[in-house]
Amino acid sequence: MALKHYTAQGYEAFQEVLQSIGKGQRVVALFTGSKNLSTGLSWCPDCVVAEPVVESVLADPAVASQDVHFVTVFVGNREVWRDPAVGFRTDPKLKLTCIPTLLEVGNKAKRLLEAQMNDEIYHEKQRLQYCLIHTVNNILQRNEFDAAKMNEICYSFDDSRWFNPHKSWIGTGNYDANILMAALQMHDLKVMWFDKRAPIERIHVDRVKAFVFNTPSRTLLTLYRGRHWFAVIRKNERFYNVDSKLNAPEPIDDIRKFLEEHGHAKDTEMMLVVENAVEEGSVVEK
């Protein structure tokens with residue numbers, strides 16, 4: 001038997017396909033966002049990128065000749081996918097947390113694509129007091145800013161090259177929030193301060209590109225108690241902690257719990273990064 005293709009629209013349709021295939025068969029499923037009828041494209045940007053890659057793999061004669069049942073599963077629109085009660089999330093054999101996910105279905109489901117997500121996340125690690133540079137680059141997912149570029153932003157606020165209020169005078173970084181906002185504004189992103197008195201439940205996390213935290217920190221470079229910047233980014237419909245002090249990005253299973261623990265912590269400030277086109281009133285309910 002050569003590779004056989006199936007398509008399923010939604011969780012129930014996927015279960016019906018599995019029943020028709022029967023037990024004891026090797027089944028591989030690609031879970032992806034449903035497509036817009038007018039554009040023919042998925043609402044999930046990463047799913048759009050993954051589609052031609054998967055198609056090229058399936059077209060390989062070595063793959064096409066395998067005895068495998070391949071199912072393309074459209075999980076639904078954005079609202080359906082984000083419902084915590086949807087079957088794709090609650091089914092103990094699936095427990096999907098992000099799309100696209102390529103999964104070998106069985107009693108012990110083997111993720112073929114999701115396990116590689118961390119490798120695709122750009123992550124800068126801590127150097128000197130450049131945590132704000134790392135934070136901005138991690139949000140942008142590329143090496144966009146270095147110390148020279150960030151210093152030029154500082155000088156645009158205050159032309160003093162020695163005692164500039166927006167950075168460390170010894171040239172090791174330690175930039176302030178004004179520089180963060182200016183750097184992100186250059187890339188059509190804006191920063192919103194979060195009122196710590198407000199409950200986390202008021203945040204529409206699906207409209208946030210990243211969360212930025214400013215926390216107390218004591219390092220060998222500071223004889224006083226300094227501050228540390230780090231970000232949590234949203235990618236592949238999942239949140240990741242990309243703190244430059246971490247060895248690698250860490251996926252966050254419960255973003256609201258994470259925000260509750262860190263956003264309301266003593267001496268910690270939290271900011272929300274959104275696209276310029278997003279109305280601030282639609283991000284945090286009053």
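So Thr135 clears everything in (1) buried (at least 16 other Cβ atoms within 10 Å of the Cβ); (2) in a helix (DSSP H, G or I); (3) among the polar types (S, T, N, Q); (4) at pLDDT below 85 except one condition, right? Which one?
Evaluating Thr135 over (1) buried (at least 16 other Cβ atoms within 10 Å of the Cβ); (2) in a helix (DSSP H, G or I); (3) among the polar types (S, T, N, Q); (4) at pLDDT below 85 leaves (4) as the failure.
Table: residues versus (1) over 25 Å from Ile255 (Cβ atoms); (2) exposed (fewer than 12 other Cβ atoms within 10 Å of the Cβ); (3) at pLDDT 80 or above.
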{"residue": "Gly22", "(1), (2), (3)": "yes, yes, yes"}
{"residue": "Thr32", "(1), (2), (3)": "no, no, yes"}
{"residue": "Asn36", "(1), (2), (3)": "yes, yes, yes"}
{"residue": "Ala64", "(1), (2), (3)": "yes, no, no"}
{"residue": "His69", "(1), (2), (3)": "yes, no, yes"}
{"residue": "Glu79", "(1), (2), (3)": "no, yes, yes"}
{"residue": "Gly87", "(1), (2), (3)": "no, no, yes"}
{"residue": "Thr90", "(1), (2), (3)": "no, no, yes"}
{"residue": "Ala115", "(1), (2), (3)": "no, yes, no"}
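Restricting attention to region 187-197, which residues are farther than 14 Å from His262 by Cα and either touching a helix residue (DSSP H, G or I) at 6+ places or on another chain (Cβ under 8 Å) or without any contact (Cβ under 8 Å) to a residue 24 or more places away in the chain (or both)?
His187, Leu189, Lys190, Val191, Met192
Quick one: how many residues across region 14-41 are touching a residue at least 24 places away in the same chain (Cβ under 8 Å) and among the small types (Gly, Ala, Ser)?
The number of residues fulfilling the criteria is 3.
If I ask for residues that are among the polar types (S, T, N, Q) and either within 20 Å of Asp176 (Cβ to Cβ) or not assigned by TED's automatic domain parsing to the domain that holds Val208 (or both), which ones from region 259-276 would you list?
Thr268
Give me the pairs: first residue in region 142-164 and surrounded by fewer than 13 Cβ atoms within 10 Å (Cβ to Cβ), second residue among the aliphatic types (A, V, I, L, M) and modelled with pLDDT of 70 or more, beta-carbon distance under 8 Å, and six or more apart or on different chains, which are they?
Pairs found: Asp146/Ile133; Ser156/Ala182.
Just to be sure I understand, how many residues within region 9-43 are within 12 Å of Phe88 (Cβ to Cβ), under 26 Å from the mean Cα position of the chain (by Cα) and outside any loop (DSSP other than H, G, I, E, B)?
Matching residues across region 9-43 total 4.
Residue by residue through region 146-168, note down the ones that are modelled with pLDDT under 50, basic (Lys, Arg) and under 20 Å from Gln126 (Cβ atoms).
Scanning region 146-168 gives a single hit, Lys167.
Look at region 225-242 and say how many of its residues are at pLDDT 90 or above and not hydroxyl-bearing (Ser, Thr, Tyr).
9
Hey, which of the strands (runs of 3 or more DSSP E) in region 183-286, taking only ones fully inside, have at least 3 residues that are out of contact with any Pro (no Cβ under 7 Å at 6 or more places or on another chain)?
189-193, 210-217, 226-235, 250-252, 269-275
Would you confirm, using the coordinates I've provided, whether Asn143 is modelled with pLDDT of 90 or more and not in a helix (DSSP H, G or I)?
yes
The values are calculated or read from the model by the stated rules, or taken from the named source; none is laboratory data. Source: prediction; values computed, not measured. Using ideal geometry, Cβ is built from the backbone for each residue, glycine included, and neighbour counts are taken over all protein chains shown.
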